[in-house]
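First comes the structure, then the notes that go with it.
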Amino acid sequence: MQKTWRWFGEKDLVRLDQMRQIGVEGVVTSLHHKLPGELWTIEDIQAVQKKIEANGMTWSVVESLPVSEEIKQAGPKCKAHLEAYCQSLENLAACGIRTICYNFMPVLDWIRTDLEYTLPNGTQTLYFSWVEFAYFDVYVLKRAGARADYSVDLMKQVDEYASQATKETDQRLIYIIIIKTQGFVNGPLGNITGDPLVVFRQFLDQYASLSKTDLRNNLVAFLTDIMPVCDAHDIHMCIHPDDPPYPVLGLPRIVSSTEDIDWLLQAVDNVHNGLTFCAGSLSAGIHNDTVEMAKRFVHRTHFAHLRSCDILPNRDVVEANHTLGRGQVAELVRIFETQAPHIPMRVDHAPTLLDDIGKPYNAGYSLYGRMMALGQIEGMMAMVHNDKRSKG
Ligand code: DNO
């Protein structure tokens, strides 16, 4: 697989020349100043591409070309946004960039409740706590009917948590769930002004009457519309699975399981409608077996995110070292390196360690942790090659 690395542009604390030194071949990035729905011109694209190429690498994957909420909801501006999306795809292809990662998660692109969860060895990792998340939903967001979405047992713990909570607890969760995690991923909450809770509720309200079937239909309509452009230019669309792979805050989620992915790949049965195999997001679901899924979906996987999660007895999710956890990354490397060796892969979310602790990285994207994870993955890739050689 091609070794790639996510870069957030000039604001990123990790520089392109450093990435090259650690063996990165391809860059995964986006036009981070663009809003969902906006057109990407050839000039915009080339400006970034030139910087990458000047550092001896290629722009391998766009992550993300964001799908606007208008498209997800089939709203009034849907048609205009779709036209811009198709034109952006054509422009990217004209620059030689043909692997496009996107997601179809309403409102929230990914969710964590702790970005600095300290492990016994002193490193920090990302964490999703059901108690804190349900507390946010019921007590901070005060979403109508929220209580009914959680078990009685969980709500007992949430009520207990609430009895200890302070204003700071609420501010911290608002910051993590709405601001920090969403602030760098090109989603709808990237540039909000005003009270984040008010804005967030407005976004959620837009989905009040949208069912899982509606969202599925809107995804099929989106893919059906863009497939002619993808076919004409050999563009591979790679949907990112839901992270975590469960319905949240009353919002439908439609890329969470084998059944969902089977449905999606069959609904638009075209090789250009493919998957970002995010081992981390998938392994955060107790219903998912990443190895079985990789075997099943390898031929429609055009991009891999390699990371791993553990699920604790209380169902909380903690991101694991790349050699450990439910993600089974070593097995995945064997499958992809053997059956899809041409695809780009990037290490995703790694522990924060050493002098990186306390630095203002985007959550999950520090240097040393990812560098260590990349080394681990390179080792796994080398083992697969050695096995192949020794089998002749
Ligand atoms: C988080 C990322 C996601 C991902 C998008 C792709 O770190 O894995 O934000 O980039 O969902 O559209």
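The values are calculated or read from the model by the stated rules, or taken from the named source; none is laboratory data. None of the values given here were measured: they were computed from a predicted structure. Cβ coordinates were reconstructed from backbone atoms using ideal geometry, including for glycine residues, and neighbour counts include every protein chain displayed.
Can you confirm whether the stretch 120-136 contains a residue that is in a loop (DSSP other than H, G, I, E, B), in the same structural domain as Thr301 (by TED's automatic domain parsing) and modelled with pLDDT of 95 or more?
At the first step, the residues of the stretch 120-136 found to be in a loop (DSSP other than H, G, I, E, B) are 120-123, 129.
From the residues that got through so far, the ones that are in the same structural domain as Thr301 (by TED's automatic domain parsing) too are none.
No, that holds for no residue.
Restricting attention to the stretch 14-58, which residues are hydrophobic (A, V, I, L, M, F, W, C) and buried (at least 17 other Cβ atoms within 10 Å of the Cβ)? Let's see the steps before the verdict.
Looking only at the stretch 14-58, we keep the residues that are hydrophobic (A, V, I, L, M, F, W, C), and these are 14, 16, 19, 22, 24, 27-28, 31, 35, 39-40, 42, 45, 47-48, 52, 54, 57.
Val14, Leu16, Met19, Val24, Val27, Val28, Leu31, Trp40, Ile45, Val48, Ile52, Met57, listed by residue number.
Identify, from the list Leu126, Leu154, Leu115, Leu119, the residue that is away from the ligand (no atom under 16 Å from the Cβ) and touching a Phe, Trp or Tyr at 6+ places or on another chain (Cβ under 9 Å).
Details: Leu126 fails: away from the ligand (no atom under 16 Å from the Cβ); Leu115 fails: away from the ligand (no atom under 16 Å from the Cβ); Leu119 fails: touching a Phe, Trp or Tyr at 6+ places or on another chain (Cβ under 9 Å).
The conditions single out Leu154.
If Leu31 passes every condition in (1) touching a strand residue (DSSP E or B) at 6+ places or on another chain (Cβ under 6 Å); (2) part of a loop (DSSP other than H, G, I, E, B); (3) closer than 20 Å to Leu89 by Cα but one, which one does it miss?
Leu31 satisfies all of (1) touching a strand residue (DSSP E or B) at 6+ places or on another chain (Cβ under 6 Å); (2) part of a loop (DSSP other than H, G, I, E, B); (3) closer than 20 Å to Leu89 by Cα except (1).
Just to be sure before I move on: is Ser163 away from the ligand (no atom under 16 Å from the Cβ), of a type outside the set (Phe, Trp, Tyr) and under 12 Å from Val318 (Cβ atoms) in the structure I sent?
Here the answer is no, as Ser163 does not meet what is asked.
Are there helices (runs of 4 or more DSSP H) fully within the stretch 275-369 with at least 1 residues that are more than 30 Å from Asp153 (Cα to Cα)? List them. Give the steps one after another, and end with the answer.
Numbers: elements: 279-283, 290-297, 329-339.
Once the helices (runs of 4 or more DSSP H) in the stretch 275-369 are filtered for at least 1 residues that are more than 30 Å from Asp153 (Cα to Cα), what remains is 290-297, 329-339.
Within the stretch 59-78, can one find any residue that is free of Cβ contacts under 8 Å to residues at least 12 places away in the same chain and buried (at least 16 other Cβ atoms within 10 Å of the Cβ)?
Yes, the conditions are met somewhere in the stretch 59-78.
Hey, among Ala382, Ala373, Ala330, which residue is of a type in the set (Gly, Ala, Ser) and in contact with a helix residue (DSSP H, G or I) (Cβ under 6 Å, 6 or more places away or on another chain)? Talk me through it step by step, then tell me what you get.
On the way: Ala382 fails: in contact with a helix residue (DSSP H, G or I) (Cβ under 6 Å, 6 or more places away or on another chain); Ala373 fails: in contact with a helix residue (DSSP H, G or I) (Cβ under 6 Å, 6 or more places away or on another chain).
After ruling out the rest, the residue left standing is Ala330.
Being in the same structural domain as His342 (by TED's automatic domain parsing) and within 16 Å of the ligand (Cβ to nearest atom) is true for just one of Gly75, Gly26. Which residue is that? It would help to see each step written out before you state the result.
On the way: Gly75 fails: within 16 Å of the ligand (Cβ to nearest atom).
None of the other options fit; the residue is Gly26.
Take the stretch 338-392 and flag every residue that is among the acidic types (Asp, Glu) and under 26 Å from Ser60 (Cα atoms). Lay out the reasoning, then the answer.
So the first thing to find is which residues in the stretch 338-392 are among the acidic types (Asp, Glu), and the list is 348, 355-356, 378, 387.
Within the stretch 338-392, Asp348, Glu378 meet the criteria.
What number of residues in the stretch 323-376 are free of Cβ contacts under 8 Å to residues at least 12 places away in the same chain and more than 20 Å from Gly23 (Cα to Cα)? Give the derivation first.
Filtering the stretch 323-376 down to residues free of Cβ contacts under 8 Å to residues at least 12 places away in the same chain leaves 358, 375.
Still in the list and also more than 20 Å from Gly23 (Cα to Cα): 358.
The qualifying residues number 1.
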